[in-house]
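Undergrad: My structure is below; once you've seen it, I'll send some questions.
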Amino acid sequence: MSQDPKLPARSAEKVLSEEFFIARSKILDLAATLDRLERADGSLEALHQLKLLEQGMEILLDDQSDKAKRVQLLMSRPYDPDWRKNYGLH
Amino acid sequence: MDYIDPHIHMVSRTTDDYETLARMGCVAMSEPAFWAGFDRGSVESFRDYFRQLTEFEPKRAAQFGIKHYTWLCINAKEAENVSLSREVIAMIPEFLDASNVLGIGEIGLNKNTKNESTIFLEHVDLAARYNQQILIHTPHLEDKYQGTKMILDMLVSDARIERSRVLVDHVEEHTIQEVLDRGFWAGMTLYPITKCTPARAADMIERFGTERLMANSAGDWGPSKPTAIPDLIMELKRRGHSRDLIRKIVYENPCEFFSQSKNFKAPIAAP
Ligand SMILES: [Zn+2]
């Protein structure tokens with residue numbers, strides 16, 4: 001995707017320094033949520049959702065870009081291009 | 001900074017909220033028809049709701065110098081009831097000449113069912129027959145990706161629909177590109193929790209540019225913040241974006257899109 005020429009670019013150092021404490025607090029929220037889950041009794045549904053969370057966390061740590069979009073797609077129901085035929089809608 | 005909120009449900013907001021929005025720079029808003037928090041029992045209930053949207057809310061907004069516009073439809077949640085939906089669609093033309101109506105909306109999908117799709121297609125046909133603009137609701141969370149693609153399929157299959165007169169709302173990272181690439185307008189809905197935040201909306205502006213892109217606050221029944229657009233303005237300022245760029249997203253783009261409806265008059269905004 002091309003960049004709009006009017007957009008100013010923040011340096012990586014600036015982004016990191018401005019976002020560090022926000023990201024830090026989100027990691028702590030996530031860590032505390034996992035601790036809470038560990039202390040609780042599980043159900044099957046919760047296990048399926050836990051798998052999704054684990055796969056989402058793997059996306060955060062891999063070396064590929066477009067992480068927000070990839071987490072979104074992971075958490076999405078699949079699209080079937082033949083949906084209209086399956087519904088009998090013409 | 002003066003701004004326009006292109007998607008905010010004021011029927012679920014207090015008069016104090018109108019005052020707060022005015023103080024924060026809101027000069028105009030558009031309110032799509034949506035769910036009442038419960039399923040309505042008859043077409044008469046929708047007739048009353050459309051009177052509220054075309055008579056009462058514009059007056060409530062005007063007390064604070066805000067211009068109020070609206071869109072009419074039966075929302076995707078209640079579209080599961082096909083016979084009631086058809087009665088509502090047949091009644092909508094009674095209101096299309098009201099002076100604050102911009103078009104048909106927010107139509108869309110909720111759980112991506114056959115009934116919702118059937119009623120979506122009938123709304124699109126209504127919009128085409130009456131030469132109305134369209135405002136689209138895309139589903140939330142795990143249904144968004146599938147539902148957005150189904151909606152785009154249905155829109156492009158109707159040759160009468162001009163894509164530049166359709167606004168697809170609630171886009172997120174996985175749906176925005178296809179909406180813009182296919183020539184539609186896109187709206188990012190800012191929520192305090194679980195959905196798109198002002199920071200992620202700012203990221204999408206930085207990645208996809210400012211053409212055919214807007215932001216809105218929804219202000220619906222769930223946790224939502226009617227002053228979310230000023231939050232986005234603050235976030236963009238904090239990142240060093242120009243006043244021109246911010247103004248294009250929050251004022252000029254809504255004006256450009258709405259101007260395709262005969263009822264829209266651009267408010268006089270401070271430069
Ligand atoms: Zn809405």
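The values are calculated or read from the model by the stated rules, or taken from the named source; none is laboratory data. As the structure is a prediction and not an experimental result, all values here were calculated from the model. FYI the Cβ positions are ideal-geometry reconstructions off the backbone, even for glycines, and counts take in every protein chain you see. Calculation scope for accessible area: heavy atoms of the full protein, side chains included, ligands and nucleic acids excluded. Shrake-Rupley method; radii C 1.70, N 1.55, O 1.52, S 1.80 Å.
Undergrad: Roughly how far apart, in whole Å, are the Cα centres of the stretch B:88-104 and the stretch B:248-264?
TA: After rounding, the separation between the Cα centres reads 19 Å.
Undergrad: Determine the shielding of peptide B:229-241 by partner chains: average, over its residues, the number of Cβ atoms on other chains within 10 angstrom of each Cβ.
TA: Values: counts 0, 0, 0, 0, 0, 0, 0, 0, 0, 1, 7, 5, 3.
That works out to 1 on average.
Undergrad: Could I ask something else about it? Within 10 Å of each Cβ in peptide A:72-79, how many partner chain Cβ atoms are there on average? Round it to a whole number, please.
TA: 6
Undergrad: Right, another one. Of B:Lys114/B:Lys195; A:Lys67/B:Lys225; B:Lys67/B:Lys114; B:Lys144/B:Lys225; A:Lys51/B:Lys144, which sit over 30 Å apart, Cα to Cα?
TA: Among B:Lys114/B:Lys195; A:Lys67/B:Lys225; B:Lys67/B:Lys114; B:Lys144/B:Lys225; A:Lys51/B:Lys144, the Cα-Cα distance tops 30 Å for B:Lys67/B:Lys114.
Undergrad: How big is the dipole moment of the stretch B:3-258 about its Cα centre under a simple scheme where the beta carbon of each Lys and Arg is +1, that of each Asp and Glu is -1, and everything else is neutral? Debye, nearest 20, please.
TA: Using only the charged Cβ atoms, the result is roughly 540 debye.
Undergrad: Here is a further query. If the chain between B:Ala22 and B:Asp158 were fully stretched, how many nm would it gain, using 0.36 nm times the residue separation less the Cα-Cα distance? The partial results should precede the final answer.
TA: On the way: separation 136, 0.36 × 136 = 48.96 nm, distance 3.91 nm.
Net length gain for the segment: 45.0 nm.
Undergrad: At 25 °C and 0.890 mPa s, grab the translational diffusion coefficient of the stretch B:112-170 from Stokes-Einstein with a Kirkwood Rh over Cα pairs, rounded to a whole number in µm² per second.
TA: 209 µm²/s
Undergrad: How high is the FRET efficiency from A:Arg10 to A:Ile59, r the C-beta distance, R0 30 Å, rounded to 0.05?
TA: Working from the Cβ atoms, E equals 0.80.
Undergrad: Take every residue in peptide B:59-69, count the Cβ atoms of other chains within 10 Å of its Cβ, and give the average of those counts.
TA: Rounded to a whole number, the mean comes out at 0.
Undergrad: If you don't mind, there's one more thing I want to ask. Order the peptides B:61-68, A:35-42, B:101-108 from the highest to the lowest mean number of other Cβ atoms within 10 Å of their residues.
TA: Numbers: B:61-68: 17.0, A:35-42: 8.9, B:101-108: 27.1.
Descending packing order for the listed peptides: B:101-108, B:61-68, A:35-42.
Undergrad: Give the interface area between chains A and B as buried accessible surface, both sides summed, probe 1.4 Å, in Å² to the nearest 100.
TA: Numbers: alone 8770 and 11090 Å², together 17150 Å².
Its buried surface, counting both partners, is about 2700 Å².
Undergrad: Name the residue farthest towards the positive end of the dipole of the stretch B:1-73 from the options B:Tyr18, B:Pro32, B:His68, assuming +1 on Cβ of Lys and Arg, -1 on Cβ of Asp and Glu, about the Cα centre.
TA: So the residue furthest toward the plus end is B:His68.
Undergrad: Name the long-range amide H neighbours of B:Lys225: under 5 Å, sequence gap of 5 or more, or other chain; modelled H, no Pro or chain starts.
TA: B:Gly219
Undergrad: Mind putting together the pair-distance distribution for the protein assembly as shown? All Cα pairs, 10 Å bins, whole percent per bin, short to long.
TA: Histogramming the protein assembly as shown at 10 Å steps yields 5, 24, 33, 25, 12, 2 percent.
Undergrad: Express the Stokes-Einstein translational diffusion coefficient of the stretch B:3-258 in µm² s⁻¹, to the nearest whole number, given a Kirkwood radius over alpha-carbon pairs, 4 °C and a viscosity of 1.567 mPa s.
TA: My calculation gives 72 µm²/s for D.
Undergrad: Now for a separate question. Once Lys and Arg get +1 and Asp and Glu get -1 on their Cβ, which of B:Ile246, B:Val43, B:Phe184 lies farthest toward the positive end of the dipole of chain B?
TA: B:Ile246
Undergrad: Would you please give the FRET efficiency between A:Arg24 and B:Thr15, computed as 1/(1 + (r/R0)^6) with r the Cβ-Cβ distance and R0 = 51 Å, to the nearest 0.05?
TA: Efficiency for this residue pair is about 0.80.
Undergrad: Give the peptides B:218-228, B:113-123, B:32-42 in descending order of average Cβ contacts within 10 Å, highest first.
TA: Per-residue mean Cβ counts within 10 Å order the peptides as B:113-123, B:218-228, B:32-42.
Undergrad: Starting from the Cα of B:Ala62, step 7 Å along the direction of its Cβ; do the same at A:Leu74; then give the gap between the two resulting points in nm.
TA: The two pseudo-label positions are separated by 5.3 nm.
Undergrad: Is the C-alpha gyration tensor of the stretch A:44-90 telling us rounded, prolate or oblate? Criteria: a/c under 1.5 is rounded; beyond that, a/b larger than b/c is prolate, otherwise oblate.
TA: Oblate, since a/c reaches 1.5 and b/c is not below a/b.
Undergrad: For the stretch B:192-198, in order, what is each residue's ³J(HN,Hα) by Karplus, 6.51 cos²θ - 1.76 cosθ + 1.60 with θ = phi - 60°, in whole Hz (x at glycine and Pro)?
TA: So the Karplus estimates, Gly and Pro as x, are x, 9, 6, 10, 5, 9, x Hz.
Undergrad: Could I ask something else about it? FRET efficiency for A:Gln49 and B:Asp203, Cβ-Cβ distance as r, R0 = 22 Å, nearest 0.05?
TA: Step by step, r from the Cβ atoms, then E = 0.30.
Undergrad: Sort A:72-82, B:148-158 by the packing proxy (mean of other Cβ within 10 Å over each peptide's residues), most packed first. Walk me through the numbers on the way to the answer.
TA: On the way: A:72-82: 13.4, B:148-158: 19.3.
Taking the mean over residues of other Cβ atoms within 10 Å, the ranking is B:148-158, A:72-82.
Undergrad: Over the stretch B:6-73, how many percent of alpha carbon pairs lie in each 5 Å bin up to the one with the longest distance?
TA: Result returned by the calculation: 4, 17, 30, 23, 14, 8, 4, 1.
Undergrad: Still on this structure, I have one more. Can you list the equivalent-ellipsoid semi-axes of chain A, largest first and in whole Å, using the square root of 5 times each Cα gyration tensor eigenvalue?
TA: They are 31, 28, 9 Å, listed from largest to smallest.
Undergrad: Where in chain A are the helices, taken as whole DSSP H runs, whose Cα atoms extend 30 angstrom or more along the long axis and whose Kyte-Doolittle mean reaches at least -1.0?
TA: Flagged H segments are A:12-39.
Undergrad: A follow-up question, please. Through the Karplus equation 6.51 cos²θ - 1.76 cosθ + 1.60, θ set to phi - 60°, convert the phi angles of the stretch B:52-66 into ³J(HN,Hα) values in whole Hz; use x for Gly and Pro.
TA: Once θ is set to phi - 60°, the couplings for the stretch B:52-66 become 4, 6, 9, 10, 7, 4, x, 6, 4, 5, 4, 4, 10, x, 9 Hz.
Undergrad: Still on this structure: Using +1 on the beta carbon of Lys and Arg, -1 on that of Asp and Glu, and nothing else charged, what's the dipole of the protein assembly as shown about the Cα centre, debye to 20?
TA: Once rounded to the nearest 20, the dipole reads 700 debye.
Undergrad: Find how much the distance from B:Glu142 to B:Val82 grows on full extension, using 0.36 nm per residue of separation minus their present alpha carbon separation; answer in nm with one decimal.
TA: 19.2 nm
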